[in-house]
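Asks: Handing you a structure now.
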Amino acid sequence: MTRFNTRRQILLASSVLFGVAGPVATGTAQAQSEAQAPAQDATPARADANALSDIVVTAERRSASSQKVPLAIQSVSGAALAATGYTSLTDLQYIAPGVQYDPTQGAAFQIRGVGSTSFDFSNAKSVSVVVDDVVMDAPRANGLTGLVDIDRVDVLLGPQGTLFGKNATSGVIAVTTGMPKLNETTVRASASLGEHDERILNGTVNAPLGSMAALRVSGFDQAFDGFGRNVTLDKKVGSQHEYGGRARLYIEPSSSLNFTLSGDYAHHWDSSVRTPVSGQPANVTAILNELGVFPGPKSADTADSSFGNIVTEEAGASFRVVADLGGLSLTSISAYRYSRYDNTTPASLTPYDRYAYIPFNVGNLDTDKVSEEIHLASPTGGFVEWLVGGFYNKLKSRQTQLQWSTGGEPLYDANGTPKATLIALTGALGVDANASLFNATNETMAGFGQLKFNLTPALSVSVGGRYTRDVNSQGLDFVTIDPKPITGYNPSFVGSSAAPALSYGKVKGDNFSYRIAPQYQVAPNVMLYASYSTGYKPAGIAFVGNKYAPYRDETVKAWEGGIKSEWLGHRLRVNFDVFRSDFKDFQATILTQIPDGSGGLINATVIGNAGGLRTQGVEGSITAQPLPGLTLSGSGSYTDAKFTDYVYNATTNYTGTRLTNAPKWAGTAAIDYAHELPSGAGLKAHVDYAYRGELWTVVGQPAYSNVPAYSLVNSRLSYTLPGKRVEVGVYGRNLFDQYFSTGWQQYGVLGLLHYTSPNARRTLGGFVNVNF
């Protein structure tokens, strides 16, 4: 077969298979980036000005073209993020088809349909978020608030652990922020105003400090009003306000040595509380209707007597050293992080003199973590390329939690007298206390390495391995919190269940994970690759209804194969892959029943092991530049994720059911156009489309937790003044006002509740960008 026929058949196969995958995401490329020295350009220009820019990444901790790296990864540039108008890392789910975000049960990402969410503090995340090479593993936190000065976000799909921080059985979301640049003084600022009192301010300053150093500082402040309402308090539900900043100091004393010191802080407040959908007691529904609240999948209203809100803080610092040791590259990243998560989220739905369930629900979580990662890499280009490294991470979490219930009775009688005794769902029978105190420590130590054998100019094989030792521990104690500042009076308390027989536990685990990935360069711009990898998540400790409930570690075996190709003089890029992952002892979240303190049972969410889980499917991406200034891009995925073995308590069989928050079909598409006028002014236009297929949100309960398929369309149109220093424009997010719900949750006798998303409404506005 001639080389021409080979190329033609590969292109035909790619196009047909991609057609099966569906439409695609803005700026998608199979790549993962790592910040380089700021004096270097990570995207070298090609000779043809109409060609697509090459993307140089370090997915295997080495600089290489993304088209030469045997990994399936979706990459979204900072420019693409800005064009969509999204403001949160969790909005990545509307840009990268393989990603979902579940705000319930502890909140976490899912990739390829898989990601465990749990309130348990010893549970490691299936999807690891890594910002500037630092693992963000604090519970209830994503590690990044405010999308300001982002260089790129890269989603590594499938098990990752051979070369990246902590083991992650489902994938890694790697965020690279802007690096300081030597000998450059730049100022960037942006302001936008939109409907629903949406206001977004951000700015970035890059300042040289002599010839060897530079400082880069960025800040943001963003907020919007919610579209639900608390009819009892006459306040809006779903409002949000965030602010924070980041500073990075880069020092390059010589061409073979550089240092980067980074620090960040972010504050978040929101009033996104659970609102009723269906299944409420008849008397509760009647009260709500009387007050003008009508539960349903499109309702964001409530009538609770307390105003729920969540406040979080995240802060951290890291120190990065990169040294050239005579051809060997040494990198060290040391980090410290702190987070705070305070939630006041009552769950009664109605005024307290009519009905109450859990009128007082307050939690305070603090975390501290330290980490160190170091790796040494050989030069590239030889028969053997190698990399070895080590990783250490220690995370401590401490939470006090109080849940005080009336058991369904009004909190106040007809005379306004408060209920004398409350049920402490976070207490214990026979224990003089009304709240729970959790202390957890997760410690990880690992050594990793990879060998790449360049067998011929076209054929190479990468073999990587990682040995991990984990020690996870958690304790449960009971404490007394002064109720008067919270309730306004001094009630007595009775526990809901007995104290645990064991109040402290520790689990240890050792694992060796590995990856084998051959790749073959069929033609200069066409590469085939395959991989087989294993992954691991450590065992953990949980307390369910005050019962000690440890769970086993989770392992996965994953297969992947794909093609990466460029055509028509680098004007067309087509990438495609197929995958399958088989999980054993998957750490799943499920509903069960625990004592309610009144002689009955209530539904509670617990974590345990599902015997088997399989996710398999196909993914594709395409980018084309048919004309100067015009770029067409997209990506799509088909994912079939279901339990292959899940029998709970020998009474409930979920085998064969689909995973929650895992749509079968997902895709995005985008059009970008830029044109320079003869006067030096410029026009820019952007349109993007995102589709999410039908899904459900409660394990084994598709009937009442179904979320129909939905589509979102965003647009942006701007005019740049001559000199390109000032840009003014308008934007529209969710142009067709497509409503969708997110975060459905079965909550005891209150029935099905849900959260709403600000993206589930049309928002129009204008913006100004300034660059100096």
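Bear in mind that the values in this text are calculations on the coordinates, not laboratory data. Fair warning: this is a prediction, and the values are worked out from it, not measured in the lab. Cβ placement follows ideal geometry from the backbone for every residue including glycine, while neighbour counts extend to all protein chains displayed.
Asks: What does the charge add up to near Asn206, with Lys and Arg as +1, Asp and Glu as -1, over the other residues with Cβ less than 14 Å from its Cβ?
Replies: Surrounding charge for Asn206 is +2.
Asks: Okay, moving on. With a Förster radius of 45 Å, plug the Cβ-Cβ distance of Glu409 and Ala317 into 1/(1 + (r/R0)^6) and report the FRET value to the nearest 0.05.
Replies: Values: r = 50 Å, r/R0 = 1.10.
With R0 = 45 Å, the Cβ-Cβ based efficiency is 0.35.
Asks: Tell me, which longest segment in the chain has none of the trypsin sites (Lys or Arg not before Pro) that fall in DSSP loops with at most 14 further Cβ atoms within 10 Å? Working shown, then result.
Replies: Details: sites that count: Arg46, Lys298, Lys724, Arg725.
The longest such stretch corresponds to 299-723.
Asks: List the residues of region 463-504 whose backbone N lies under 18 Å from a point placed 7 Å from the Cα of Asp366 along the Cα-to-Cβ direction.
Replies: 475-482
Asks: What is the local net charge at Gly263, summed over the other residues whose Cβ is closer than 13 Å to its Cβ (Lys, Arg +1; Asp, Glu -1)?
Replies: For residues surrounding Gly263, the net value is +2.
Asks: Using a 7 Å offset from the Cα along the Cα-to-Cβ direction at both Val728 and Ile486, what is the distance between the two label points in nm, to one decimal?
Replies: 5.3 nm
Asks: Turning to a different aspect of this structure: Would region 163-271 count as rounded, prolate or oblate if I go by the C-alpha gyration tensor, calling it rounded below 1.5 in a/c and otherwise prolate when a/b exceeds b/c, oblate otherwise? Spell out each step's value before the answer.
Replies: Working: a/c = 3.72, a/b = 1.81, b/c = 2.06.
It is oblate, given that a/c is not under 1.5 and a/b is not larger than b/c.
Asks: Still on this structure, please answer the following. Nearest 10 degrees, 0 to 90: what angle lies between the long axis of helix 3-21 and the longest principal axis of the chain (Cα atoms)?
Replies: 20 degrees
Asks: When the chain is fully extended, how far beyond the present Cα-Cα distance does Asn283 get from Lys557, taking 0.36 nm per residue of separation?
Replies: 93.6 nm
Asks: Could you calculate the contour length gain from Tyr532 to Tyr336, that is, 0.36 nm times the residue separation minus the distance between their Cα atoms, to one decimal place in nm?
Replies: Gain in length upon complete extension: 67.2 nm.
Asks: Any idea how far apart Glu443 and Lys298 come out in nm if each label point goes 7 Å out from Cα toward Cβ?
Replies: 5.5 nm
Asks: Take every Cα pair under 8 Å in the chain that's 6+ residues apart, average their separations, divide by the length, and report that relative contact order as a whole percent.
Replies: 13 percent
Asks: Turning to a different aspect of this structure: Round to a whole angstrom and tell me the spacing of the C-alpha centers of region 377-435 and region 460-529.
Replies: 13 Å
Asks: So if each residue of separation counts as 0.36 nm, and I subtract the Cα-Cα distance between Asp432 and Val388, what length gain in nm does that give?
Replies: Gain in length upon complete extension: 10.5 nm.
Asks: Along the positive direction of the dipole of the chain (beta-carbon charges: Lys, Arg +1; Asp, Glu -1; about the Cα centre), which of Leu156, Pro518, Ile358 reaches farthest?
Replies: Towards the positive end, the residue furthest out is Pro518.
Asks: With θ set to phi - 60° and the Karplus curve 6.51 cos²θ - 1.76 cosθ + 1.60, what are the ³J(HN,Hα) couplings of region 574-584 in order, to the nearest whole Hz, using x for Gly and Pro?
Replies: Computed from phi, the couplings for region 574-584 are 10, 10, 8, 8, 10, 8, 7, 10, 10, 9, 10 Hz.
Asks: Right, next: Shape verdict for region 3-771, please, from the Cα gyration tensor: rounded (a/c under 1.5), prolate (a/b greater than b/c) or oblate.
Replies: It comes out prolate by the Cα gyration axes.
Asks: Next question. Rounded, prolate or oblate: which fits region 120-208 when a ≥ b ≥ c are the square roots of the eigenvalues of the alpha-carbon gyration tensor, with rounded for a/c under 1.5 and prolate only if a/b beats b/c?
Replies: Taking the square roots of the gyration eigenvalues as a ≥ b ≥ c, region 120-208 is oblate.
Asks: Place a label point 7 angstrom from the Cα of Asp197 along the Cα-to-Cβ direction, then list the residues of region 273-295 whose backbone nitrogen is under 20 Å away.
Replies: The answer is 273-274.
Asks: I've got another one for you. Report the FRET efficiency, 1/(1 + (r/R0)^6), for Tyr548 and Leu209, where r is their Cβ-Cβ distance and R0 is 56 Å, rounded to 0.05.
Replies: 0.55
Asks: Tell me the label-point distance for the pair Ser711, Ala681, using the 7 Å Cα-to-Cβ offset, in nm and rounded to one decimal.
Replies: 3.4 nm
Asks: Find out how many positive minus negative residues lie around Asp368, taking Lys and Arg as positive, Asp and Glu as negative, among other residues whose Cβ is under 13 Å from that of Asp368.
Replies: So the surrounding residues net to +1.
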